[in-house]
Amino acid sequence: MFTALLGLYGGLSVVLRLLIPYVIGFIVRYFSKTPPQHPSIDIVTTTQTWKQRTQTLSSLREQPSDIKQQLWTTRIYITLLILALIILTLYGMLSFEIKLIQVNKPSFSTVQQLQTQSQINLISSLQCPCTQLTVPYGQFIQFQPSYHQVCSSGFVSGRWTGALHGLQFLLPSGAVASSMSDSDFAFTQPLFVFLKALCDFSNETIVNALQTFEQIQLVGTQLLTVDEFTKQISAVIITFELETKNTFLHFLQLLRNITHVNQILAGLESNYNVEISGPPNYTASLSIGTYNDSNSSEICSCAYDSSCKTNWGLFIGNPADIQVYSIPEFYYACQPVESLLQSTLKCFYDDQECLNIIIEFYNASFFNNFTRLNSSSHASRFMINSTIGSLLSEMFIESWSESTNYSSYFAQCQPSSCSYTIPQHNSLFDTITKIVGLIGGLSVSLRILVPFLVMACIGVIRRLCPQHQRTLTESTPRLLHVVRVGNKIRDWFKKVNVFEDTNRTITIQQQCAATRIYLLLLVISVVIVVIYTSLTYYLNTYAITNPSFGQYQQLQQRYGSDAVSCPCSRSSIIRSAFIELECDFHPVCTSHFISDSYLHDLLELYNNLNTTYAAMNVFTLQGTIFSHFQALLALCNLAKDFVTDAQQQYLASSLVSTYISDFDLFETETNTSLANFRTTLPNSFVNSLQMIRGLMQGNGLVSAYSTNWYYITNRIAINAMLFLKPQYYGRDRCNCATSATCTQPSTPFIQGYLVGCTPLESLLQSTIECLYEQTCVDLLGIYSNMSLPNSPAPLNKNETRFSSNDTIDSIVQQMFIETCSSNVSYNQYFEQCKPDSCSVTLFEPGSFIIAVTTILGLYGGLTTFLKLVIPFLVFSTYKLIPTASLDNNTTSIVNAGHEEHLFSSAVASGSMPVVPSPLTRFFTSIPRYIKILGIPIDINVFYEYATYGMFDRVRLTACKILVEQLETRMNQSVLDYIFKLIENDPDYNLRRKIVQHLCRHPPFRQNQTCSLNNPTTVHKLWSLMTYV
């Protein structure tokens, strides 16, 4: 700021010195009453004035020796000055400047307009910092999920389930409820109750997820643009929807698998059979239910396949085992959940005859009161033959109906200001300001340089001319010429006087001292400016359009990551575009021990056991090995599915970034994200597993394998009640009714193999150390009575990070994961970011043009400023130095009249040189201080100092003060004293200078009315002027 003001000061001083005289002259002529002159006279006067100025400019050297050379110097100076001004004007008008513009308290419409301009590159670097850094999603995101029509239909109402229960009392003639088939449609009430529970569970899950989601904060220091907001929030919404569905389905799938491996008894008795042995014991035993496959002769066991099923139907007969109608795509399976998920709702649409047939069969007219499902394609995005499992995989949602409100986000962000940069031409005012700042430096610089350049050119011309070349070579050796030039420069430096006083009020010695101080300070200042300009760094920005990956890497390596900035054309990038993620699992999950063939052989072993002793078979290896390895298979599959879905969910999430991250930052952020993914991966799975295990134990659910409870008969009678008794394990008689973790080693003993309350609980506490040893694997084959051509190969300890004696529970805590490897491609990330341009921002030293313009601008201001300040300081110093001696010697000066008179006489007669004493210098400065400070004076004091005998300069100064006092006081006695001095004083030089000063400061003006303006005084003045 100071340098700019200093440059403007120098330029303005030059410009104003040229213009002000003409402005003042014009104003005076305009307001004066004299008639205007003829225009030609004005032109002639102006021309003569400029000729005089040109002649003045031609005196660029202190003592010119060649008038022609001076004229050429002047013309070159003016030409160069005009050309420089023209070039600077054009450069200033045509050059672009990046300007930062700030808008305080912008409105929503203003921000939208700025963002639109930013998109079409009218402005750049738009930034609107938020006053509120966190904004809850619920403030600007709204969900209105709509569900499948079945969840709001009458088929999940209490009236429908009550009507189904009433069908048992509307049986066909001759049929009784106790003799009806288990797959009769009259027993489908639990399926619709469960369907309603799934609809409610889905709705509650979504409501809870939305409540949590709405509290999540969007964190950002800058206001997102509409495009950035849309992309980022879309990615957030997709991630939320996917995560909500996966969490819901994973829990349901985990529940289904645990129910299957533990063979929990179904209320419909669809997965087990109760058998009562004959006398004398009448032992009750459980066996796993089976289904006949209508498409083949094979029997499907619920122990092996949870999807075993048959169609619900309409039956007649006594017992009612004759199926007269099969409900299309509506199944009876091992568990109600499996029945429902494999079925469709096709029978209950309005374009189907299925429900009419059921109504006619049972003669149930009250079924007509229920509105059937709408089969129109506009009513649902699902097909009418879509399974309920497919509906459940979408959580019965037809549409999430999400909406975002950017204006609400803007209101929450509350930007207090927005700033942006815009390239634009310099304004006329800026251009004029810069040029004015440079005029002073240019004019002074050219006035110094042009004469030397002209002299150098003349010297070169003379050297090239033959007539001069020989004379120069013969007469002037080169070294002598250099010495002469040096001497001339030295002489010039000694004689140069920037502050020459034509009135001789300041001594030559003082003027030369001031000049040298001025030149010294000027040189020092210019050196400082040059050093400062060379050391000053400027923020420069360079743009590279459509950079390739190689160019971007080169920019990073050359300038560093902090200097390179590349805005992404896509602010939201899906991670799968640049990350490949693959997890490897424990080798047992791909081993022969959980293969279909191995499990099939183990199932055959289990089926061959006597079911009468089912309650005792649970302690044996043969009675539990199938469920043991089947549970291991289920856990492996669940872990794999969970990890796969988590990978997909992670890779489907987006990396939101406005600018491309450099490689180091990208690698750090990606590694942190992957580490967080691996760390949190098992949490949801393990928590859900632990919750389901607790629910099963807390609700006393019974396993069809009789591992936790088994049936007993207390009374032998028709329709007698069966009772359940808990199993006990271990030497401490651990009771399965009170603890689900009761275990003991199997019979026969296998290392690490335990049996317990449920197949899952016994597996989790077991180890698989036996599977690492070939002898133990062979022993399993022997105990299992399996005749295999080749014994299964044991697991390799070197292929796993887990210990052989780790429990399955500890392995499940890690999701069976051995390693999760990732391949991150920075190149692909760059291609997805796809920056349209990159900018390199560097702190660089100023260019040559900047340095020259800065120095020129400051040079003019410095010269003008120093020419004002230096004389005042130097001359004031000279005048104030003798103050102390004056005070000490006042008496001697005033009273020693005789000595002073002798001294003055000696000086006047020329017998001794006049040496200016401190007293003389002090008195010569008095008039200037009187004028500047307006000090009141005593006339009598100056009478005394004006008397003959004082120093010449002291007398002259006192007389001048008396003359100047006449202008203000109009004192006749002072005028008479001046007249007396002019007439009688013996010093002729003093008398002459008094008259000259009186002419410069006359006591009155023409036509002025005052006491001094009378014929006597005028006559006296004329006579004295003639006399002197």
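The values are calculated or read from the model by the stated rules, or taken from the named source; none is laboratory data. Remember, predicted model here, so these are calculated numbers, not experimental data. Cβ sites come from the backbone with ideal geometry, for glycine too, and all protein chains shown count toward neighbours. Side chains are part of the model used for accessible areas, which takes the heavy atoms of the whole protein and leaves out ligands, DNA and RNA. Shrake-Rupley method; radii C 1.70, N 1.55, O 1.52, S 1.80 Å.
Would you check which residues across segment 795-827 are of a type in the set (S, T, N, Q) and farther than 20 Å from residue 581 by Cα and list them? The answer is 796, 798, 803, 804, 805, 807, 810, 813.
Within segment 678-698, identify whether any single residue is surrounded by fewer than 16 Cβ atoms within 10 Å (Cβ to Cβ), farther than 30 Å from residue 561 by Cβ, modelled with pLDDT of 90 or more and of a type in the set (Lys, Arg), and answer yes or no. No, every residue in segment 678-698 fails to be surrounded by fewer than 16 Cβ atoms within 10 Å (Cβ to Cβ), farther than 30 Å from residue 561 by Cβ, modelled with pLDDT of 90 or more and of a type in the set (Lys, Arg).
Of all residues in segment 388-399, those that are surrounded by 15 or more Cβ atoms within 10 Å (Cβ to Cβ) have Cβ atoms under 8 Å from Cβ atoms of residues that are part of a strand (DSSP E or B), 6 or more apart or on another chain, in 388/344; 396/147; 397/146; 397/147; 398/146; 398/147. Within segment 950-968, the only residue that satisfies the criterion of being surrounded by fewer than 16 Cβ atoms within 10 Å (Cβ to Cβ) and more than 18 Å from residue 1020 (Cα to Cα) is 968.
Restricting attention to segment 546-602, the residues being within 28 Å of residue 232 (Cα to Cα), open to solvent by 80 Å² or more (accessible area, probe 1.4 Å) and among the basic types (Lys, Arg) number 1.
As for segment 791-809, it holds at least one residue that is open to solvent by less than 20 Å² (accessible area, probe 1.4 Å), aliphatic (A, V, I, L, M) and closer than 13 Å to residue 632 by Cα.
Within 30 Å of residue 876 (Cα to Cα) and modelled with pLDDT under 75: is that true of residue 495 in this structure? Spelling it out, residue 495 is indeed within 30 Å of residue 876 (Cα to Cα) and modelled with pLDDT under 75. So for segment 641-661 (the condition being among the hydrophobic types (A, V, I, L, M, F, W, C), open to solvent by 30 Å² or more (accessible area, probe 1.4 Å), modelled with pLDDT under 90 and farther than 22 Å from residue 240 by Cα), does at least one residue qualify? No, the conditions are met nowhere in segment 641-661.
Restricting segment 373-423 to residues that are of a type in the set (A, V, I, L, M, F, W, C) and more than 30 Å from residue 351 (Cα to Cα), the residue that is modelled with the lowest pLDDT is 422.
Specify which of the listed residues (338, 329) is in contact with a His (Cβ under 9 Å, 6 or more places away or on another chain), crowded, with 16+ Cβ neighbours inside 10 Å and outside any loop (DSSP other than H, G, I, E, B). Walk me through it before giving the result.
Values: 329 fails: in contact with a His (Cβ under 9 Å, 6 or more places away or on another chain).
Testing whether each residue is in contact with a His (Cβ under 9 Å, 6 or more places away or on another chain), crowded, with 16+ Cβ neighbours inside 10 Å and outside any loop (DSSP other than H, G, I, E, B) leaves just 338.
In summary, residue 324 fulfils each of the numbered conditions (1) open to solvent by 40 Å² or more (accessible area, probe 1.4 Å); (2) part of a strand (DSSP E or B); (3) free of Cβ contacts under 8 Å to residues at least 12 places away in the same chain; (4) not hydroxyl-bearing (Ser, Thr, Tyr) with the single exception of condition (3). Taken over segment 809-849, the residue count meeting the criterion of being over 30 Å from residue 666 (Cα atoms) and aromatic (Phe, Trp, Tyr) is 1.
Taking segment 195-234 as the range and being in contact with a Leu (Cβ under 8 Å, 6 or more places away or on another chain) and open to solvent by 60 Å² or more (accessible area, probe 1.4 Å) as the test, the residues that pass are 219, 221. Pairs linking a residue in segment 538-560 that is within 17 Å of residue 832 (Cβ to Cβ) and at pLDDT 85 or above to a residue that is open to solvent by less than 60 Å² (accessible area, probe 1.4 Å) and not in a strand (DSSP E or B), with Cβ atoms under 8 Å and 6 or more positions apart or on different chains, are 547/555; 547/566; 547/835; 549/830; 552/566; 552/660; 552/830; 552/835.
Entry remark, segment 241-276: residues being open to solvent by 20 Å² or more (accessible area, probe 1.4 Å) and of a type in the set (Phe, Trp, Tyr) number 2 in total.
Could you check, for segment 298-306, whether at least one of its residues is of a type in the set (A, V, I, L, M) and either outside any loop (DSSP other than H, G, I, E, B) or touching a Gly at 6+ places or on another chain (Cβ under 6 Å) (or both)? Walk me through it before giving the result.
Going residue by residue through segment 298-306, those that are of a type in the set (A, V, I, L, M) are 299, 303.
Applying the additional criterion that residues be either outside any loop (DSSP other than H, G, I, E, B) or touching a Gly at 6+ places or on another chain (Cβ under 6 Å) (or both) yields 299.
Yes, that holds for at least one residue.
Cβ-Cβ distances below 6 Å connect the following pairs, each with a first residue in segment 277-304 that is modelled with pLDDT under 80, a second residue that is part of a loop (DSSP other than H, G, I, E, B), and a separation of six or more residues or different chains: 277/283; 282/716. For segment 826-845, filtered to residues that are in contact with a helix residue (DSSP H, G or I) (Cβ under 9 Å, 6 or more places away or on another chain) and of a type in the set (S, T, N, Q), the residue that is nearest to residue 643 (Cα to Cα) is 828.
Residues in segment 974-1010 that are farther than 25 Å from residue 945 by Cβ and surrounded by 12 or more Cβ atoms within 10 Å (Cβ to Cβ): 1004 alone. At least 1 residues being farther than 26 Å from residue 299 by Cα is the threshold, and among the helices (runs of 4 or more DSSP H) wholly inside segment 532-640 those reaching it are 549-559.
Among the candidates 743, 713, the residue that is at pLDDT 90 or above and in contact with a Leu (Cβ under 8 Å, 6 or more places away or on another chain) is uniquely 743. Screening residue 93 with (1) open to solvent by 80 Å² or more (accessible area, probe 1.4 Å); (2) not in a strand (DSSP E or B) gives one miss only, at (1).
If we scan segment 702-713, do we find a residue that is more than 60 Å from the chain's Cα centre (by Cα), over 18 Å from residue 271 (Cα atoms), without any contact (Cβ under 8 Å) to a residue 12 or more places away in the chain and surrounded by fewer than 17 Cβ atoms within 10 Å (Cβ to Cβ)? Give the derivation first.
Looking only at segment 702-713, we keep the residues that are more than 60 Å from the chain's Cα centre (by Cα), and these are 704-713.
Narrowing further to those that are over 18 Å from residue 271 (Cα atoms): 712-713.
In the following step, the residues that additionally are without any contact (Cβ under 8 Å) to a residue 12 or more places away in the chain were identified as none.
Checked against the condition, which is being more than 60 Å from the chain's Cα centre (by Cα), over 18 Å from residue 271 (Cα atoms), without any contact (Cβ under 8 Å) to a residue 12 or more places away in the chain and surrounded by fewer than 17 Cβ atoms within 10 Å (Cβ to Cβ), segment 702-713 yields no hits at all.
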